[in-house]
């Protein structure tokens, strides 16, 4: 028996938790009446869709049926009701990695947490690349974490096949549709759009940008005009992890500094604002030191020339990832403390159906701006 029936009457819709796809898609928290499981329901009104949007949606749904991997967000049911397409997925109680940074880790996640998250993303990318696809939208908002601590990669709408007429192409040239918001994560060769094209190594560059995003609390090239961003990337400007090894010591001690930290690339002579409490100097948010292994991992991902970047499977064997000994579900929930998944409510019995009224109230307090599943 299907635990996620393709029938709108089988789901109770509770509250909207986000928008996406040029704001024509609404993500709604729901409950499957049959099982009591929380679900996320992506609802898209067909009247507001262009033919191009419908083609993208159709391609995404085809991919979702083709892919089966423990680190790729599963689509449990697809249905049409009242001229809306509904896509039902499991509800991710920790939200996305971007949600975690927006609400709790504004200066970035700690290194062990990032290592476990990237490990899950890499396993998903190995599978995607073996299947002959390029993801093209690796970023923190597309990394989702379940209540058990399992890492899932979403964002399948931008995915593109490198298989044509039964043959695997060496490179592709397609530019992702509706990609204005994801430009900071895209590789130089994808943005350049020349005859040389790009391949799966483009995702590796995006992974490096995402690693910086998770560590620094914001994406490199943040708020930079698109043309300037393109020039920076083509000229070989390489983002980095912001810590004591990349920010000069004198700048870590400055009380009123402003710099390229806002864009995530340390090139100027200042770092970022020193925080003060009651007029007293406090520790600089980037007065930390990431390991040599983490720096090397990021440097390899962000090589200007794609052929110099490792493959996803090679990065899975990088010492930064290989040092992880325990399964992610055994470690990640503890690493994310004091954050708790929104399904874990005070006084609730973990073996019984949790109170959905309190859950809705908890969600209202979060700033979930990018639930683009």
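The values are calculated or read from the model by the stated rules, or taken from the named source; none is laboratory data. Small disclaimer: the values here were computed from a predicted structure and weren't measured. Neighbour counts are summed over all protein chains in view; Cβ atoms, including those assigned to glycine, are modelled from backbone coordinates with ideal geometry.
Count of the range 181-207 residues, restricted to those that are assigned to a helix (DSSP H, G or I) and touching a residue at least 12 places away in the same chain (Cβ under 8 Å), is 16.
Does residue 19 qualify as being over 30 Å from residue 130 (Cβ atoms) and either in contact with a helix residue (DSSP H, G or I) (Cβ under 9 Å, 6 or more places away or on another chain) or crowded, with 19+ Cβ neighbours inside 10 Å (or both)? It is false that residue 19 is over 30 Å from residue 130 (Cβ atoms) and either in contact with a helix residue (DSSP H, G or I) (Cβ under 9 Å, 6 or more places away or on another chain) or crowded, with 19+ Cβ neighbours inside 10 Å (or both).
From the set of residues in the range 60-88 that are in a helix (DSSP H, G or I) and in contact (Cβ under 8 Å) with a residue 24 or more places away in the chain, which is farthest from the chain's Cα centre (by Cα)? Ranking the qualifying residues of the range 60-88, first place goes to 66. Of the candidates 72, 87, 63, the single residue that is over 20 Å from residue 177 (Cβ atoms) and either in contact with a strand residue (DSSP E or B) (Cβ under 7 Å, 6 or more places away or on another chain) or not assigned by TED's automatic domain parsing to the domain that holds residue 153 (or both) is 72. Of the residues 40, 16, the single one that is part of a strand (DSSP E or B) and under 19 Å from the mean Cα position of the chain (by Cα) is 40. Inspect all residues belonging to the range 202-223 and state whether any of them is modelled with pLDDT of 95 or more and over 24 Å from residue 291 (Cα atoms). There is at least one residue in the range 202-223 that is modelled with pLDDT of 95 or more and over 24 Å from residue 291 (Cα atoms).
Of the residues in the range 171-182, at least one is in the same structural domain as residue 295 (by TED's automatic domain parsing), under 26 Å from residue 21 (Cβ atoms), buried (at least 18 other Cβ atoms within 10 Å of the Cβ) and at pLDDT below 95.
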